[in-house]
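Notes follow once the structure below has been shown.
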């Protein structure tokens, strides 16, 4: 039986009655890495919020495992799907281990007993995100890149089939961006985690994601495997940027070099 | 056992032990202090030996004992209540007063006193308890717009408190001066003339609420990271927050019914606890209860001795001594 996966069905999302994403339908292919790309305000974050049950749909529905997400208890959803927000926060003074342990919450019993399985999952998640070395330090003593890996460890500790991330690389330097993306690729490869990430860097998206969803104005403009999707025409349409797209001869990955703003008719 | 960092666990043990020692010393001093001064040996004898002088046993068992027990219970209730509210509203300035409990209790108490309804000993605490609950319900109801955003909850609390204090002033203007004086004394938070019934009432609520608060520590830790973070880890945010606020309101109402409006303790005790053991609620909440108990017991003792034989209400002492200490602490550590 095919995994029904995570699906948006005629989904309309917004804040305070104002729609940001309109009647959007898309199916996230299970077991793959999907990157959401699009300019600021195109609805990437809003879509991620909707897909993770953090906002209630104004219309349509999100289906997880074939059932409406909104009808499933939040604890059950949290065992299937983890989210890493754009700017996660933690109170000062919490150690990395304490914070990552919070990822086990949805798996714990009614009295919250901490089991050996929780401990094993915690250590596994910290190892996968390579934060074990500073597990006993507090978050405020870490660099931006280390902190980002802690948040990824927290999401991995949830042991979910789906991992949704809102711009996990935006505020990091190049090496730390690569580190984050490779952690995600590794989680996808070794655990089969389905990953959906909003990314700002088109080349990064094309390099690491299997599928791209290009968004503009709250709608999907294109959705498909990265190599076929990234074209000069799409970039002009989605970002309003004139670009040259070549295929990297070694990796077979599309590489985009922006040339300038596209002329108005292209928008 | 969740993976608590060893350092924080050690600090919790040390902090809790220090509170225990401080409470024991305060208890002996407090039971010995008064118009019939008793040394530590006499206090211990009065507690344990039925052949001790009758006057000693009366002073310790019937007069000073319940007063000390109320102070400890009220302090623990306020400390726990403040810790719960600060986590649930993500506001380090939250305290029991902020959700209207103190203001509502004060208004109800002043009304009860000035209308003569508080003639019986039981009526005043009951009125205060009910007033606190009603005001807190009003705050939660007014702040509810399909959910309770923490900032809206706090601001609504400030508004309701302002209305209550305006009404108190209005009542005070028209009431008989002796009634106003009695009401003011109550508002200042005095522990004068408490009996074992008062102590039992507040202790019973602490005994129920504190274990509940400790059990919900993981939920508190998640709520402290924000609604989305909590929701994405499987917390039903609104029911959880309302449950925690309800627990905090009950504790604060129990405290205000037993001792009148006492400010600062519910704000500072959780702060001090977090400075010692960090933000983890499993340690910070019980330590806040202990610190609250120490602060109240100390405030009552100081209030009785500082200007003896005149008595300064414990609530006034707590604010005079504690608030500057908190300000100094915040400046020194840069905790925001």
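The values are calculated or read from the model by the stated rules, or taken from the named source; none is laboratory data. Remember, predicted model here, so these are calculated numbers, not experimental data. Reconstructed Cβ throughout: ideal geometry from the backbone, glycine too, with neighbour counts over all protein chains shown.
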Selection count where residues are more than 20 Å from residue B:231 (Cβ to Cβ) and not in a loop (DSSP other than H, G, I, E, B), scope segment A:29-58: 5
Hey, among A:71, A:65, which residue is modelled with pLDDT under 95 and under 18 Å from residue B:236 (Cβ atoms)? A:71
Those residues of segment A:222-253 which are in a strand (DSSP E or B) and within 21 Å of residue A:30 (Cα to Cα), in sequence order: A:222, A:223, A:224, A:225
Where residue B:81 falls short, out of the listed (1) more than 14 Å from every other protein chain (Cβ to nearest Cβ); (2) out of contact with any helix residue (DSSP H, G or I) (no Cβ under 6 Å at 6 or more places or on another chain): (2)
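Please count how many residues of segment A:47-69 are within 15 Å of residue A:17 (Cα to Cα) and either surrounded by fewer than 20 Cβ atoms within 10 Å (Cβ to Cβ) or without any contact (Cβ under 8 Å) to a residue 12 or more places away in the chain (or both). Even if it seems obvious, please write down each step before you answer.
Kept after step one, since they are within 15 Å of residue A:17 (Cα to Cα), are these residues of segment A:47-69: A:50, A:55-60.
If we keep only those that are either surrounded by fewer than 20 Cβ atoms within 10 Å (Cβ to Cβ) or without any contact (Cβ under 8 Å) to a residue 12 or more places away in the chain (or both) too, we end up with A:55-56, A:58-60.
The total comes to 5.
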Evaluate segment B:107-125: report whether one residue or more is closer than 26 Å to residue B:326 by Cα and either in a helix (DSSP H, G or I) or in contact (Cβ under 8 Å) with a residue 24 or more places away in the chain (or both). no
Tell me, please, whether a residue that is crowded, with 20+ Cβ neighbours inside 10 Å, farther than 30 Å from residue A:151 by Cα and at pLDDT 90 or above can be found in segment B:322-335. no
Go through segment B:220-243 residue by residue and tally those that are more than 7 Å from chain A (Cβ to nearest Cβ) and either within 23 Å of residue A:162 (Cα to Cα) or outside any helix (DSSP H, G or I) (or both). 4
I'm trying to understand the selection: among the residues of segment A:80-101, which are more than 8 Å from every other protein chain (Cβ to nearest Cβ) and assigned to a loop (DSSP other than H, G, I, E, B)? A:86, A:87
Which residues, taken from segment A:77-89, are out of contact with any strand residue (DSSP E or B) (no Cβ under 9 Å at 6 or more places or on another chain) and in contact (Cβ under 8 Å) with a residue 12 or more places away in the chain? A:78, A:79, A:88
Does any residue of segment B:184-195 turn out to be surrounded by fewer than 18 Cβ atoms within 10 Å (Cβ to Cβ), in contact (Cβ under 8 Å) with a residue 60 or more places away in the chain and assigned to a helix (DSSP H, G or I)? yes
Taking segment A:107-143 and the residues there that are over 23 Å from residue A:77 (Cα atoms) and within 11 Å of chain B (Cβ to nearest Cβ), the one that is surrounded by the most Cβ atoms within 10 Å (Cβ to Cβ) would be A:139
Regarding segment A:240-250, can at least one residue be identified that is closer than 22 Å to residue A:8 by Cβ and either under 19 Å from the mean Cα position of the chain (by Cα) or modelled with pLDDT of 90 or more (or both)? no
Looking at segment A:220-240 only, could you name the residues that are out of contact with any strand residue (DSSP E or B) (no Cβ under 6 Å at 6 or more places or on another chain) and touching a residue at least 60 places away in the same chain (Cβ under 8 Å)? A:239, A:240
On the basis of being touching a helix residue (DSSP H, G or I) at 6+ places or on another chain (Cβ under 8 Å) and either facing another protein chain (nearest Cβ under 7 Å) or closer than 20 Å to residue B:88 by Cα (or both), does residue A:104 make the cut? no
Only one residue in A:172, A:156 is farther than 19 Å from residue B:279 by Cβ, more than 11 Å from chain B (Cβ to nearest Cβ), in contact with a helix residue (DSSP H, G or I) (Cβ under 6 Å, 6 or more places away or on another chain) and in a loop (DSSP other than H, G, I, E, B). Which one? A:172
Within 29 Å of residue A:114 (Cα to Cα), within 14 Å of chain A (Cβ to nearest Cβ), under 21 Å from the mean Cα position of the chain (by Cα) and crowded, with 23+ Cβ neighbours inside 10 Å: does that describe residue B:217? no
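Can you report the number of residues in segment A:102-131 which are in a loop (DSSP other than H, G, I, E, B), farther than 25 Å from residue A:6 by Cβ and modelled with pLDDT of 90 or more?
Going residue by residue through segment A:102-131, those that are in a loop (DSSP other than H, G, I, E, B) are A:108-115, A:129-131.
Now narrow it down to the ones that are farther than 25 Å from residue A:6 by Cβ: A:109-115, A:130-131.
Okay, now just the ones that are also modelled with pLDDT of 90 or more, so A:130-131.
Matching residues across segment A:102-131 total 2.
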Which number in (1) surrounded by fewer than 21 Cβ atoms within 10 Å (Cβ to Cβ); (2) in a helix (DSSP H, G or I); (3) more than 10 Å from every other protein chain (Cβ to nearest Cβ) marks the one condition that residue B:296 misses? (1)
Sole residue being within 14 Å of chain A (Cβ to nearest Cβ) and at pLDDT 85 or above, chosen from B:57, B:45, B:90, B:9: B:9
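Is it the case, given these coordinates, that residue A:43 is surrounded by fewer than 23 Cβ atoms within 10 Å (Cβ to Cβ), over 29 Å from residue A:135 (Cα atoms) and more than 13 Å from chain B (Cβ to nearest Cβ)?
Numbers: surrounded by fewer than 23 Cβ atoms within 10 Å (Cβ to Cβ): no; over 29 Å from residue A:135 (Cα atoms): yes; more than 13 Å from chain B (Cβ to nearest Cβ): yes.
No, not satisfied.
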